[in-house]
Amino acid sequence: MCSSDLWQNTEKLVAGQGWSYTLVNSSELNALSIDEIANYRLIVVPGGKGSTITSSLTPATRLRVRQAVRERGVGYVGFCAGAWVAVGPEAEGDATASYGLAVALGTVLPSYWPDGNTSLTAAMVKVTMADGSSRQLVWWGGPSTPEWSGGVIGRYPTGAPAISERWSGKGLVVISGPHPEAPQSWRATAGNDSDGLDYELAIAMMSAAMNGRPMAAY
């Protein structure tokens with residue numbers, strides 16, 4: 001349900017931190033109970049296609065993931081499609097979301113287009129962080145993230161949120177429109193990356209959600 005090179009690269013980042021983990025595909029996730037999901041401290045959904053993620057998981061599974069975050073305190077990190085499926089306007093209580101996981105309530109995320117160019121496939125975008133630093137990140141058709149009060153970690157050049165965080169019940173949700181987890185090969189399409197790979201940002205997002213320690217935000 002996710003881009004293979006992205007989940008493979010994300011797996012390397014997780015393994016490189018010495019964190020124990022389980023890599024699951026959609027059918028394996030469908031087979032997990034709420035208690036089994038809640039045994040983990042973090043759920044990470046890399047990029048891919050939000051519609052594929054939605055259609056690959058049963059409504060019951062999507063509800064269990066949401067319950068694991070909101071009720072059991074499991075952290076959630078989503079990159080690009082993982083961000084898109086994280087946010088939904090419905091799905092209160094035991095209601096099933098019509099799209100995605102809806103681990104955090106909100107309107108469905110809007111697309112972001114660098115320089116307003118809707119014909120772009122990929123690009124390098126400048127994201128300004130809350131501490132005043134900036135990063136060139138790979139954008140590959142990703143969204144703007146929510147304007148959560150006190151929860152915007154980074155902004156696109158237009159000022160639109162690029163990385164956001166929010167407590168959703170007991171779990172911390174951290175989502176990014178661009179791809180800090182993207183491998184070097186993605187730069188061949190996205191363009192010149194003036195400040196190098198961004199794995200430390202991806203790791204910081206995962207660590208924050210896993211440990212329930214929000215990142216610096218506007």
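Details
- Among the criteria (1) modelled with pLDDT of 95 or more; (2) surrounded by 14 or more Cβ atoms within 10 Å (Cβ to Cβ); (3) of a type outside the set (Asp, Glu); (4) within 29 Å of SER26 (Cα to Cα), the one SER111 does not fulfil is (2).
- For GLY47, the criteria (1) touching a helix residue (DSSP H, G or I) at 6+ places or on another chain (Cβ under 8 Å); (2) closer than 18 Å to PRO180 by Cα; (3) open to solvent by 30 Å² or more (accessible area, probe 1.4 Å) hold in every case but one, which is (3).
- Verdict on VAL69 being under 25 Å from GLY154 (Cα atoms) and surrounded by 13 or more Cβ atoms within 10 Å (Cβ to Cβ): yes
- Restricting VAL24, VAL65 to residues that are assigned to a loop (DSSP other than H, G, I, E, B) and without any contact (Cβ under 8 Å) to a residue 60 or more places away in the chain narrows the list to VAL24.
- Among the residues of the stretch 142-165, those that are surrounded by 15 or more Cβ atoms within 10 Å (Cβ to Cβ) and not in a strand (DSSP E or B) comprise GLY142, SER144, THR145, PRO146, TRP148, GLY151, TYR156, ALA160.
- Applying the condition of being assigned to a helix (DSSP H, G or I) and closer than 26 Å to TRP139 by Cα to the stretch 44-61 and asking which residue is modelled with the highest pLDDT yields SER56.
- Among the residues of the stretch 173-208, those that are among the polar types (S, T, N, Q) and either open to solvent by 10 Å² or more (accessible area, probe 1.4 Å) or not in a strand (DSSP E or B) (or both) comprise GLN184, SER185, THR189, ASN192, SER194, SER207.
- Given (1) exposed (fewer than 14 other Cβ atoms within 10 Å of the Cβ); (2) under 16 Å from ILE175 (Cβ atoms), index of the condition LEU42 fails: (1)
- Filter pass, LYS170 being under 24 Å from VAL108 (Cα atoms), open to solvent by 30 Å² or more (accessible area, probe 1.4 Å), in contact (Cβ under 8 Å) with a residue 60 or more places away in the chain and not β-branched (Val, Ile, Thr): yes
- Within this structure, ASP94 passes the test of being at pLDDT below 95 and either open to solvent by less than 10 Å² (accessible area, probe 1.4 Å) or within 18 Å of ILE37 (Cβ to Cβ) (or both).
The values are calculated or read from the model by the stated rules, or taken from the named source; none is laboratory data. Since this is a predicted model, take the numbers as computed values, not measurements. FYI the Cβ positions are ideal-geometry reconstructions off the backbone, even for glycines, and counts take in every protein chain you see. Heads up: the accessible areas ignore ligands, DNA and RNA and are worked out on the full protein's heavy atoms, side chains in. Shrake-Rupley method; radii C 1.70, N 1.55, O 1.52, S 1.80 Å.
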